[in-house]
Each structure stands twice: as C-alpha cells, then as structure tokens.
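Peer 1: Dropping a structure here in structure tokens format, bear with me for questions.
The values are calculated or read from the model by the stated rules, or taken from the named source; none is laboratory data. Remember, it's a predicted structure, so these values are computed and weren't measured experimentally. Here the Cβ is made from the backbone with ideal geometry for all residues, glycine too, and neighbour counts use every protein chain on show.
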Protein chains: 4
Amino acid sequence: MPAVRLPGGSTVELVTVDRPVPGHGQVLVRMRASSICGSDIRAIYREHLGHGAEAYQGVVAGHEPCGEVVALGPGTARLGVGDRVVVYHIAGCQQCEECRRGYPVGCTSPVRSAHGWQRDGGHADYLVAQEESCLVLPHPLTFVDGALISCGFGTAYEGLLRGRASGRDRLLVTGLGPVGLAAAMLARLLGVRTVIGMDVSAPRAGLARDLRLVDHVVTDEDALADVVEEVTGGEGCEVAIDCSGHPAAREAALRHTRRWGRLVLVGEGGGMRLDVSNQLIHRQISLHGSWVSSVQHMAELIELLVRTGEHPERIVTHRYPLAEAGEAYRTADAGASGKVCIVWED
Amino acid sequence: MPAVRLPGGSTVELVTVDRPVPGHGQVLVRMRASSICGSDIRAIYREHLGHGAEAYQGVVAGHEPCGEVVALGPGTARLGVGDRVVVYHIAGCQQCEECRRGYPVGCTSPVRSAHGWQRDGGHADYLVAQEESCLVLPHPLTFVDGALISCGFGTAYEGLLRGRASGRDRLLVTGLGPVGLAAAMLARLLGVRTVIGMDVSAPRAGLARDLRLVDHVVTDEDALADVVEEVTGGEGCEVAIDCSGHPAAREAALRHTRRWGRLVLVGEGGGMRLDVSNQLIHRQISLHGSWVSSVQHMAELIELLVRTGEHPERIVTHRYPLAEAGEAYRTADAGASGKVCIVWED
Amino acid sequence: MPAVRLPGGSTVELVTVDRPVPGHGQVLVRMRASSICGSDIRAIYREHLGHGAEAYQGVVAGHEPCGEVVALGPGTARLGVGDRVVVYHIAGCQQCEECRRGYPVGCTSPVRSAHGWQRDGGHADYLVAQEESCLVLPHPLTFVDGALISCGFGTAYEGLLRGRASGRDRLLVTGLGPVGLAAAMLARLLGVRTVIGMDVSAPRAGLARDLRLVDHVVTDEDALADVVEEVTGGEGCEVAIDCSGHPAAREAALRHTRRWGRLVLVGEGGGMRLDVSNQLIHRQISLHGSWVSSVQHMAELIELLVRTGEHPERIVTHRYPLAEAGEAYRTADAGASGKVCIVWED
Amino acid sequence: MPAVRLPGGSTVELVTVDRPVPGHGQVLVRMRASSICGSDIRAIYREHLGHGAEAYQGVVAGHEPCGEVVALGPGTARLGVGDRVVVYHIAGCQQCEECRRGYPVGCTSPVRSAHGWQRDGGHADYLVAQEESCLVLPHPLTFVDGALISCGFGTAYEGLLRGRASGRDRLLVTGLGPVGLAAAMLARLLGVRTVIGMDVSAPRAGLARDLRLVDHVVTDEDALADVVEEVTGGEGCEVAIDCSGHPAAREAALRHTRRWGRLVLVGEGGGMRLDVSNQLIHRQISLHGSWVSSVQHMAELIELLVRTGEHPERIVTHRYPLAEAGEAYRTADAGASGKVCIVWED
C-alpha cells in the first residue's frame, strides 16, 4: 500500500509498504483522515532533531490518524469491524505511573511508541493500532474531526482544563496556529465568552477572525495591550494559554493574565523569563505546563463535541490526497494556513 | 492444586483444580498471601446476594491476592519472573470511561471481572492475573502487606484522598473493622495527627487503641459526643470517614463533621437520613461516596508505605494456611478480629 | 418614612418609622428595589418559626435590598454619594472564621445580623447598611437586578460554583422557584449548554420554558426519567442542584446525577434519604450543602452579569410599590409566580 | 514612648513619639514581641527602594507585631482588654476584590496600609491596630510565636497550601532564612515527612539541621542533585518552595520538582528562566506565585500550631530589647542567623 515517510531536509517520500496485520489486542484501521501537526514540521519534516519521545524512527509518518476498523486481531474486547475510531497517537505500557494517570504520552517504558514517530502512523492506507488507543467516533463527527482530535484538539482541551477555563473566565490565546485555533474554539464549549487572540502572522489572525473563534485578534503586543485594556479594564484575562512556543508571546500572555489567574503553556520549544515578584508573587498567578491530553479527557472532548454540534474540521483550510502529501507538508510548513489534512475520499 | 470456593450458607469448600496457564498479556502468580475482605463475608460467604459487580460466579474465592510471578504469558511487557506483585482485584476493559479514569472497579463492559467474584481469586496456590492488574511490591513490604493493599487499604486510601485529608485535619473514623483500621493508619501517613475512632464492638475498639491507630476510641455515640467536645471544642472533625456501613454511625459521623468539612462514605450497604438545612447547608458540608481505589492511587499508596516504613499487616490478627480456610472465614465472620489472612509459608 | 413589618400569620403591616441615620462605617441607602425571597415567606410571613440566623426580630422586613447611597456616616472609605449598591444581606463581625472565609451568613458572633431579620431591611424608603456590605452595582445592571443578586442569585451562583458547573456539564435543576430559575440562568453564564428543569407547579415550569432558561422542563418524576434518558442516554447530568427543599425532588436529583457527578443542595428545609452503596459509593457521587454566597462570589457574579449582558430581573413577574406590599406577599406566597419585587419608581 | 524608625543607609533611629490613641474600630496593643523580616532589611533598612506596597513612609518600623490589648476604641466588637493578639500586618479596605478574598496584602485601595511601612508598626511600646487585623493568640503560643506568625510563618503556610503539601509529598526548600525555616517546620505539620533544604550559607544550613527541621540539607547544587537522587531515586520532590529569591535556587528547585509536581515561589526579588518544554510541559509541572497569607489561613495556622504543640519561636536565635534595635538589625542584615526578634520582658 502507498505510504509516506519523512526522511528530513523538508522532503516527503512516497513509498510502498505491506499492508500490516493486527496482532493480539490490535485492530486494523482503514485510514480516512490524517492531519499534520506542528511537531511533525518542527521535529521531523525539517530535520530529525528529536530525542526520546520526539525521536522519529523512520516509520510511516502521521500521528493524527482517524479511520474505520476493518479487521480485529485476537484478544480484542470492545471494538467491532465498522467502528469509526480516533487513534490516540501514543501507545504506552499501561503500567507505569504516567499510563495509570491516563497520560501514555509520558510513558516511561521502552515499549512506549507514538504513531508517526516510533510506530507506523496515519499517512498510509491502513494502520494497525492498539485497541486501547482507539476512541469511538460517533456519527455527527467526521473523520477529519477525528484526526484533529487525536492530537491537537486534545492538547488544547487538556490545556484549558489545566487552566480550569469556564464561563467565569476571559481567555487570551497567544499563537493562532492549529492548536491555538483549537483552544479558542474549545474555550467556547467550556463557557468562555470573551476570547482575545494574538498571532504575529496576519493570515492566521485573519483566519481566527473569519472563523469567529476570537472576539478580538491582534498581531503585535502593543495592540494586545490596547485590547486587554479595553476589554478587561487593564486587569487582564483570567486564563491565558500560549500555543506559540515563543518567549515574547509567553511573556506577553503572563503580563495580561489577571491577578489570581492561570497561564497555561502548551506551545513547545524555547524559553521564558519571569520577573518573579512583580509578575507571579504579587499577582498570585499560577503557570501550568501541559502536554498532550489524557485518553479520558480526549474521550470527554469527543462527547462534548457531539453534545454541542461543534466541528474541529472548521479550522482545516487545506485537504490533500495521500499522493499529494509533499504539497500538504509544504503548505503546513509555510505557517500561514489553518490545519492541513490528508484525506481519503470515498 | 488446592483451592477454596464459597458455596454460600457460611461454608467453605476445599477443592482441587488445575493449575491455570497464563494467556496473552497475563502472568502466573504463585500465591503468598490472600486476605479476607468484609465484602467476601457480607456478599458471598453468608449467602450469594450480589448483583452486577458483586455477583459471585462460583470461582476460586479471594479478592485480595499477593504473590510472586512465576511464569509469563505471551505479550507481557514489563513484569519478569520473580517479581513480587500486588494484584489489583478487578480487571476491566481498559477502554470505558471508568477504566480510563483508572477505576476498573466501575468498568461498564461485560469483560469486567473481579478476582474471587467472576474470575479465579487468591485462595489457591496459583492465580492468573492480567499483567496490567499487577503492581510491583517493593521489598520492605511483605506479601501480607500486599494482600491488604490490593483492596481494603486501597479503598481506605482512596476515601481519604476524596476527603483531602492532610495535616490540616482531624479525622473521625466510624467503624473499626479492617477498612476503618486502614483509614486510621493511612490518615497518619497523610499527616493527620488526631484520629478519633468509634466502633460498637469493644474488641475492635480495643484493637484500634492497642495498635495506637487512634488517639481516642469510643463504643457509643454519647461517648463520641463527649470526645468530640473535648478534642475539638465541639466543632467536630474536619474530615470524617464512615467504614461501618451503618446508618446510625454515618449520621453520627455527619453530626461530628466540622463546618466546611467532608464526610466520606466508604462502608457498604444500608442507608442514611439527612436533615439537609441543619446538617449540610448551614454547615457547608460535603459528602462523598468513594468506592475502591484507582490503580494509580494504589501504586501511590505502595510508594508512600515504602517511604514511611509503615506496614498494613500490623492489623492482621489471624493467619491461616489455605487448608484452614474454613476457620479463617469463621473468624472473619465473627466480626471481632482485625484482618484475617491466608498465608503460604516458605 | 413608610416601612413594612411582618407580624406573622400571613399579614403585612405598613408602618411609619423614622428615617435612620448612618453611624460609623455606615451608609444611608435610598431604596429602589427590594425583592421577596422564599425564606421571607417560609420563615417570617407565614409564621415566625426561625431560630438563630432565621429568627425574625420585628425589624423592617426585606433582605434583598438595592438602592442608591445618599449619605455617608463617619469613617467610610470607599463609597460616595450617588453610588448604586447591592446590599449583601448579612453583616457579620468580620473576625470569626466564617466572616474571614467571606461568608458572613455563617458569622458566629452575636453582632451578626441580617437585614430584614435582625436589622432593618429593604422594605422602607431608606436603609442603613454597613459600608462593607455594599457592592457597587455597575450601570448596565438595574436596581431590580441588584435586589435579586443580593440573596437569591448569589445563592444560586454559589451553589453552581460548589458544583463546579462549566461547559463540561449538563445541569438538572429541581425546583423552579426564583432560586431555581436563577440557577438555570446563571448556569448558562458558566457555560452549561443543557439545562433540564423540574417543578411540580405547571406555571413555574411554564415560566422557565417561556424565559428559555431550560432546554427541557417537566412536572413529575416519570417525565424527568424520560427526559434524562433521552438527553443523556440515561447517564444523568454531570451536575444537579436542588432548589426545591423537597425530599422527593432531592432524591430524584440524586438518581439523575451522573457517575462522578455533583449534587448541590440549596433549597432549605426537610430531609433526604440516601441508598448509600447504590447511589453514592458505586456511582462516586458527591453531595454539597451550600448556603448563601460569599461576598466575593457575589461581586464576581455582578462582574459576570455585566460582561455577559444578562439581567436577573428577567425572572421578575410582579412589581409593586411599597404601599402594595401586602399584595406582593400574597402573590409570592401563592408559589406560582416568578420573582416578586417591591420597586420605587422615579 | 520609645520607638524605632529606619531612615535608610543601614541605620536605626531611636526616637520618642506620643503613645497613640485607638480610633473607631481600633485597639491599643501593648507590644510584647516584634520580629524583623527579610523585607525590612531588603527594602527599608538598607535603602528605601520600595514602591507601592513596599514604599516605606517613615513610620515606626516593624511589621511583625504581637502583644496584648490594653484599650479599645469605640465601635469594637469582639476583642477585650487583656486579649493577646497577633496583628496581621496589613490593613485593607475590606471592600476590594483582594480584601474580599481575604488577602488585604493585595488591597487595591489607597486606604491600604501595612504596619511598619505606611502605618506605625511594632517597634514601639504601643501600637494601634484595626480590630479586624487582630487574631487572638491562644495561650500555649508565646508572644514571640505570635510575632513570627504575623508575616513570615503566615507566608510560608500560604505557600505550602498553594502547593497542596501533605503527607503524600516530599518537600524541597531552597533558601533557609526565616521563611524557609518556617516552610520546613510547617510542612511537617501538614504531614510532609521528608524535607530537603538548601542554602548557600553554611550557618543557615547548620541551623536548619540543628533544629531538625530538615532531613537533608546542602549548601550547593551538586550536593542537592546527589541528595535528590538518593532520596527520591532522581524523581524529584512532589513539592518545592523557593524562599531564597535567587534565580539559581529557583531553577534548581524546578529541576528537582517531580513530574506533576508544584513549585511555589515565595522568596521576593529577581527573576527566573524557564526551559518550557523540558522543564514544564513534558514534566506537567505547575508554578505558583504566592504572596502573604490570607487572614483566614493565618487564623487556621494559629489553630494548627496549638493543636500540634509546635512553636515558631524555635527558629529565633537572637532577642533584643527595643533599645538595642540597632544591634538587632545588624544581626538580621548579616544573613547568617535564624530569626531576630525584639522583645519586651515582663
């Protein structure tokens, strides 16, 4: 079957591999949507710079897979052929502290492997997944919705939960790439009424506005200060979430977090400088690092999306067949789009 | 191999069964300790009254197993022969909401099965367990410690966590059977300095006092009121936990919970009447139902016991070899002992 | 000045009293709205049955006052003449544990006094309040909004916070009197999308529906079971709040609370029976008694209402001038209306 | 009466001022103990560098006062002559959001004033305090205990609560000045069994060890890494609290905080650099800025100290009469002592 590998150097390799066979406790998933995540670009496509959890092992790429179960390995217990499934992108040992907390992303066992990093991912016609990595995708949600949930939307949702975002809060989102757009969208579902977004990229800021995911959007810090002043009387937002990974954006997010507020850091890479007394202590602020969602929170997110009728795929701006994966990656790498997704049409 | 079944009518049946063979993802455990839980007595030994999770299916009894791994089935990932393991007593589907929260006790799948209820338990020389049900038992802890952790101590620990017990709190424990004794012991580890216990059984009250697990112990409600008056100036305890399952004890526990305090209900069976305005609303009190511990909290408990040098087996008053299981059950049924445990001596 | 006293026996007494003079740290408030609370009816109007916090001392009635500051006593620090203020209805000692937590309702000092119960309330042209009892009412909010906030909406908001209601949750409200209507309205502001209401009174159920405060509303338990089945697949609501004070309604609310959910008890009076194992323990449910809001949460509620443009006065169905207080109380006592408010027109 | 002012330039000025008279709602306190805080040294004694909350206004110094009520102003409600009181060191407006949360330290009103900064403090024979700033000091606690509670111990306690420290946790304390010693002492009361301390000052490290407030104490980062490796197997401590105010110590504290752990920042001044992905996101860590305690938490601390029989004054190494305040400040400024306290002997 056709598949995509990422040899580095910003290239995409189309290869042919054998259709995999599900082993014990595994299922065979016919792929229907496989989206591209910022970390695919940052840590794999441009160069293979990852270590540990981020070390790409030359496998079929794609860690946001969604499809339909077409075969069951022995010892499976709950799924059936025909089930539509979101594949949580990391399989852990299920026995370490992190797995038992529900966060296989942090699995400390050598058996830990992420689709698209250490085990074959979604950029192929078929994928083998652990049954326990699969979350049933109910019908109002599309396969593209499911692909987006499997990593990026899960990550955004987890971050918002870490920040305890609710209708009591106004939210500042710094960085309006796919994860930032997801945070803005999901914050609404949690009850947040006022969302302020910032991204230095005018197209991304414009996309957030056009999708009505933000109430106010700016492209620089001065404009941000003005908007925060206008909207909150200068107090700042009760919750801020950085999805940019940039020091300046994080520091701006902290400055505009309200006293007693929470700043959640989700965007990967780089650093941040704190002026501890003025920014944290005297303003009683908490900072939370939040990685990928727990499996259970992802399941809850699916339920919440069904209940509210929202669709993550609203942030998809580009769809490609697998054969055009190279173009898909070039588009995602340009950093001016919404989400980019490889799709299999019927 | 020899094994014990519980046919009901307060009888114990010693039978011979084949030594089981571990299947995929399973391990064979050579049993070293298998303790008796109050629910074995209440719901199985006396009569088979359970439904759902509590329906006994005629299997080898014993849902508090601890032993040593002696063989591995195919597909196991972390355990090795020679590992000493606590067996979390319920195997769930790992895919429903309850399992994903870490509480297989609440698993909603038909594949859910508890050792000693729906799958063979610890009252036999060998037991087959799911690898993911096994928690490694570090060396300072004994096999008897491990057996007690696998259900009762886990349950007590979960209840205390639900009540957020810490050094800020004084604790009232109603019901000083094994779970109540466990709650008293573990509360110390969480920092609670003052523990008041009540049990209508004088021997049990005496045991709690002799083991120094309580600072004050009483056998009736009048004496309880006096002690609470003396110790807390009548304010009540910040946290109370009922391990008795009796309405009167629960209601006494609620009366002696401090304003803004938490009452955790762990003891099974029966009811409770609330005078809502006076007891709950005007006193700003929360009531929490808490079942069995999560797998992760059980692992945390093991770590905490190692760190503090405490030993659950301190509450064991009676040990029997498997051949004397009948006597073990009669002792446990009498309700005047500490914990009763079946042990395999070297 | 004209004022209202409640001598009991379902009568209203119109009297003339001297205009009060603000003392140290007090302000004189020209009354503009003074609404009637369920507890005025239950504990004062019908008969004087209260003890402690609920003992009516023959003062000017009305514990939901809102108006405009027209004079300052010595030693006031923040308010100015012309400020529009919500009067938090209880003045505490500010030095006991309850006051320091922000809940003067629970003040344990003899100096504690509630407007309309132990100190003069809002059913008169002028009222003297402690400066610290006053919360500034920003302009988009009306005086009637403010009166409703001062007790009932505060109580509903506090209950929802106790239940941690957010967009993650569906809400069941039992009892659709003014506090229940408030809970339904404010739940939306916290992000709750699905609200199910139950009241045995068809007019009250109809009002909730007409005001679009509920998505589903029923008048009996069978219909409730059907709706919960339909809306939640039988799982129940993540959060339930009882505002009825009736045992049967509370028990229905508990039955329809989802596993791991929270039931908040706000409605006063009466009892409740629990089937502990089946309802609480095996379903991992928490019950919270919640009294009146903290002062700080009331301030937060005001801010939230301004931010969202919502108006509590939407639930007011009847307005009367002070001279018609008798009719106002008769209407409120009939139990079929929305909120009843005494107003002073310009 | 004799009093102390701090004109800056590391000098202490002994002056004579009139004995103050308590106004409305105020009490006159005969001083019995008045300790010196690190911020007195940092922000006042050396030079007057503070702004806002830290701007010293030439008043009688000393913001950790404790004594006996000897006269009541008009309008006081709860205190009586003879009451022993801890004076919470900041008087707020009681009406802003911060005051209503219970944190007058953050009061946003111009009327906010701290003893020893903007209103007369404890370095004089008598002090006038707001009645609501006074917390009754029960008898097992000494006046010196009370002085230490009024700022430093309160601050440490608040920080530990922010980090949710309990018996589940091991604690790392960086900076073993008086606040760090307080954190170590109070952590025990909350249930923490293992405390690791670090201070670059060997005398301070030695004091912590001699007082048995720490289980392990080191004076440099290499030794810290070794101890954390040995004690926690390299996982790090569940809770860390920085009381040093130094960037390197904070960064060491973060490195040695366990996955999912909490780092609380209490020490004032300076900055901190974060490596966001490696230190926060992938390790799921939260950082909390925490200022001074709430009034209610200070009251709770007093209760907890009484209950446990602990005495903050154990960390006092130097006591001086008021006349020797100059020597007291020189000792405190040297940074090698435990707590320094001005005392009035009977």
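Peer 1: In segment B:116-130, what count of residues is obtained for those that are under 19 Å from B:L49 (Cβ atoms) and out of contact with any Lys or Arg (no Cβ under 9 Å at 6 or more places or on another chain)?
Peer 2: 3
Peer 1: Just checking, does segment B:68-83 include any residue being of a type in the set (S, T, N, Q), over 22 Å from B:C243 (Cα atoms) and either touching a helix residue (DSSP H, G or I) at 6+ places or on another chain (Cβ under 6 Å) or assigned to a strand (DSSP E or B) (or both)?
Peer 2: Yes: one or more hits.
Peer 1: Next up: Looking only at segment C:96-105, how many residues end up being farther than 14 Å from D:C99 by Cβ and surrounded by 22 or more Cβ atoms within 10 Å (Cβ to Cβ)?
Peer 2: Counting residues in segment C:96-105 that are farther than 14 Å from D:C99 by Cβ and surrounded by 22 or more Cβ atoms within 10 Å (Cβ to Cβ) gives 3.
Conditions tested, residue by residue: (1) more than 22 Å from B:V306 (Cα to Cα); (2) of a type in the set (K, R); (3) crowded, with 17+ Cβ neighbours inside 10 Å.
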{"residue": "B:L181", "(1), (2), (3)": "no, no, yes"}
{"residue": "B:G191", "(1), (2), (3)": "no, no, yes"}
{"residue": "B:M198", "(1), (2), (3)": "yes, no, yes"}
{"residue": "B:A202", "(1), (2), (3)": "yes, no, no"}
{"residue": "B:G206", "(1), (2), (3)": "yes, no, no"}
{"residue": "B:L213", "(1), (2), (3)": "no, no, yes"}
{"residue": "B:A223", "(1), (2), (3)": "yes, no, no"}
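Peer 1: Inside segment C:290-304, can you point out the residues that are touching a strand residue (DSSP E or B) at 6+ places or on another chain (Cβ under 9 Å) and more than 10 Å from every other protein chain (Cβ to nearest Cβ)?
Peer 2: C:I302
Peer 1: Hey, does segment B:109-118 have a residue that's within 16 Å of the chain's Cα centre (by Cα) and within 12 Å of another protein chain (Cβ to nearest Cβ)?
Peer 2: So far as segment B:109-118 goes, no, none of its residues is within 16 Å of the chain's Cα centre (by Cα) and within 12 Å of another protein chain (Cβ to nearest Cβ).
Peer 1: Any residue at all in segment C:305-317 that is within 14 Å of another protein chain (Cβ to nearest Cβ) and either within 30 Å of C:P2 (Cα to Cα) or without any contact (Cβ under 8 Å) to a residue 60 or more places away in the chain (or both)?
Peer 2: Yes: segment C:305-317 contains one or more residues that are within 14 Å of another protein chain (Cβ to nearest Cβ) and either within 30 Å of C:P2 (Cα to Cα) or without any contact (Cβ under 8 Å) to a residue 60 or more places away in the chain (or both).
Peer 1: Could you please find all residues in segment B:185-210 being closer than 23 Å to B:R168 by Cα and either away from every other protein chain (no Cβ under 14 Å) or aromatic (F, W, Y) (or both)?
Peer 2: B:G197, B:M198, B:A208, B:R209 - these are the residues of segment B:185-210 that are closer than 23 Å to B:R168 by Cα and either away from every other protein chain (no Cβ under 14 Å) or aromatic (F, W, Y) (or both).
Peer 1: Across segment D:84-108, which residue is farthest from C:R78 (Cα to Cα) among those that are within 10 Å of another protein chain (Cβ to nearest Cβ) and charged (D, E, K, R)?
Peer 2: Of everything passing the filter in segment D:84-108, D:R101 is farthest from C:R78 (Cα to Cα).
Peer 1: Evaluate segment A:330-345: report whether one residue or more is within 23 Å of A:R30 (Cα to Cα), in a loop (DSSP other than H, G, I, E, B) and among the charged types (D, E, K, R).
Peer 2: yes
Peer 1: Name the single residue that is surrounded by the most Cβ atoms within 10 Å (Cβ to Cβ) among those in segment D:290-346 being closer than 30 Å to A:R262 by Cβ and of a type in the set (S, T, Y).
Peer 2: Residue satisfying both the conditions and the ranking: D:S293.
Peer 1: Can I ask one more? On the given criteria, is B:E345 at negative phi and modelled with pLDDT of 95 or more?
Peer 2: Taking the combined requirement at face value, the residue does not satisfy it.
Peer 1: Sort out which residues of segment C:48-67 are small (G, A, S) and outside any loop (DSSP other than H, G, I, E, B), and write them in order of number.
Peer 2: Matches in segment C:48-67: C:G52, C:A53, C:G67.
Peer 1: Checking A:E251 against (1) at pLDDT 95 or above; (2) within 14 Å of chain C (Cβ to nearest Cβ), which test does it fail?
Peer 2: (2)
Peer 1: Something else: Which count do you get for residues in segment C:167-184 that are in contact with a strand residue (DSSP E or B) (Cβ under 9 Å, 6 or more places away or on another chain) and within 14 Å of chain A (Cβ to nearest Cβ)?
Peer 2: Qualifying residue count for the region: 6.
Peer 1: Look at C:V81 and say whether it is surrounded by fewer than 17 Cβ atoms within 10 Å (Cβ to Cβ), away from every other protein chain (no Cβ under 13 Å) and not small (G, A, S).
Peer 2: Taking the combined requirement at face value, the residue satisfies it.
Peer 1: For A:D220, which of the numbered conditions (1) closer than 30 Å to D:M272 by Cα; (2) within 14 Å of another protein chain (Cβ to nearest Cβ) fails to hold?
Peer 2: (2)
Peer 1: For segment A:265-289, how many residues meet the condition of being over 17 Å from D:G163 (Cα atoms) and either facing chain D (nearest Cβ under 7 Å) or buried (at least 24 other Cβ atoms within 10 Å of the Cβ) (or both)?
Peer 2: Count: 12.
Peer 1: Hey, C:A33 hits all of (1) out of contact with any helix residue (DSSP H, G or I) (no Cβ under 9 Å at 6 or more places or on another chain); (2) modelled with pLDDT of 95 or more but one; which does it fall short on?
Peer 2: The single condition C:A33 does not satisfy is (1).
Peer 1: Count, please, the residues in segment B:228-245 that happen to be over 22 Å from B:V264 (Cβ atoms) and part of a helix (DSSP H, G or I).
Peer 2: 2
Peer 1: Conditions first: (1) in contact with a strand residue (DSSP E or B) (Cβ under 7 Å, 6 or more places away or on another chain); (2) without any contact (Cβ under 8 Å) to a residue 60 or more places away in the chain. A:E97 passes all but one, so which condition is the exception?
Peer 2: (1)
Peer 1: From the residues in segment B:22-47 that are among the small types (G, A, S) and in a loop (DSSP other than H, G, I, E, B), which one is surrounded by the most Cβ atoms within 10 Å (Cβ to Cβ)?
Peer 2: My answer is B:G25.
Peer 1: Is one or more of the residues making up segment C:322-332 in contact with a Gly (Cβ under 6 Å, 6 or more places away or on another chain) and at negative phi?
Peer 2: no
Peer 1: When you look at D:R250, is it assigned to a helix (DSSP H, G or I), farther than 30 Å from A:V266 by Cβ and under 23 Å from the mean Cα position of the chain (by Cα), yes or no?
Peer 2: Answer is no for this residue.
Peer 1: Which members of segment A:206-262 meet the condition of being of a type in the set (D, E) and free of Cβ contacts under 8 Å to residues at least 40 places away in the same chain?
Peer 2: Matches in segment A:206-262: A:D210, A:D215, A:D220, A:E221, A:D222, A:D226, A:E229, A:E230, A:E235, A:E251.
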